[in-house]
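The values are calculated or read from the model by the stated rules, or taken from the named source; none is laboratory data. Remember, it's a predicted structure, so these values are computed and weren't measured experimentally. Heads up, the Cβs are rebuilt from the backbone with ideal geometry, glycines too, and the neighbour counts pull from every protein chain shown.
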Amino acid sequence: MEHELGRGVDALPGLVWTALPDGQIDFLNQRWCEYTGLGVDESCGRGWQTVVHPEDLPRLLAGWRSVPASSAPVEAEARLRASDGNYRWYLFLAHPSIDASGHVVKWYGLSTNIDDRKRAEEALRESAARFRDYAETASDWLWEIGPDYKFTLLTENAFGSDPADRIGTACWDHALDLETEPAKWRLVFATLDSRKPFRDFVYCSVDGRGAPMYVKASGKPVFDANGEFCGYRGTGTDVTAIARAERQHARLRYCCPDASVGYEGAHTKGRPGNQSSDFGSHCADPQ
């Protein structure tokens, strides 16, 4: 019976161990020996600590010592050195055996390999950090709006202002051309209500100083797993410099009509958005 029990413990998908109340190991299964390359005699007592990563051991021991005598199951994470010399992350789960007086008389533990999960979490953190770096340094900004079309997310460089000031508001709450260019706004409202993507919608807004600025926005609808509409997400770009250049060109064209020959076709070919034939015709000069 004892032999069968030992075979069953060795077959478990993890490192099985038991420990005395002070944390000294008094039993380890065969998987522990195979993974660490240490024999049972080498690992028992405090010998197991030699394969715990030096950075993790103080935290692991501190957590163990801080456990109350009547504690519920305890868990901790640490890296263990394998027989090939590489460290892998393990989750330590320990269940106490309590005597009639409420004291721990034994710890029963199982350590399972969570290295793939930890690597995935680290990769996700690095990806999120890269995303934040790109978002904060890019000339464009990212935005998200909810089903009510109000901003729920704006990256740091949005509108040249504090993003928190616009969360909970719609883009048209800050638009300066809503009444002067109603046709293009009717078009974008219809696009939003039909849950279709849009590209290069240009409108006049205000920056953090309250000065006029031109924004080029593109977005696509977002739906949840059940197909329910969740809002839109997309990008915004400050195209005020282009607006300023076109306004200056318009002044030159007015003064010297012949000077615009050859410029207009080349300039409008690469113009971001075509909702308005003249960026500066319906908004104060964005100086």
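So here's what we get for this one:
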read-out	value
R271 at pLDDT below 90 and under 22 Å from A183 (Cα atoms)	yes
Every pair of residues 6+ apart whose Cβ atoms lie under 6 Å, when the first sits in region 191-220 and is not assigned by TED's automatic domain parsing to the domain that holds S161 while the second is loosely packed, with under 14 Cβ neighbours inside 10 Å and assigned to a strand (DSSP E or B)	none
Among (1) within 20 Å of F201 (Cβ to Cβ); (2) within 19 Å of the chain's Cα centre (by Cα); (3) at pLDDT below 85; (4) surrounded by fewer than 16 Cβ atoms within 10 Å (Cβ to Cβ) - the single one S139 does not satisfy	(2)
Whichever residue in region 78-102 is over 17 Å from W17 (Cβ atoms) and among the charged types (D, E, K, R) and, among such residues, is farthest from the chain's Cα centre (by Cα)	D99
Pair list, Cβ under 7 Å, 6 or more apart: region 224-235 residue of a type in the set (A, V, I, L, M, F, W, C), other residue at pLDDT 95 or above	F229/P147; F229/R195; F229/P221; F229/F223; C230/P147; C230/V222; C230/F223
Region 62-86 - residue that is under 15 Å from W107 (Cα atoms) and not small (G, A, S) and, of those, modelled with the highest pLDDT	E75
Residue match in region 48-61 (condition: modelled with pLDDT of 90 or more, buried (at least 17 other Cβ atoms within 10 Å of the Cβ) and more than 25 Å from A120 (Cα to Cα))	yes
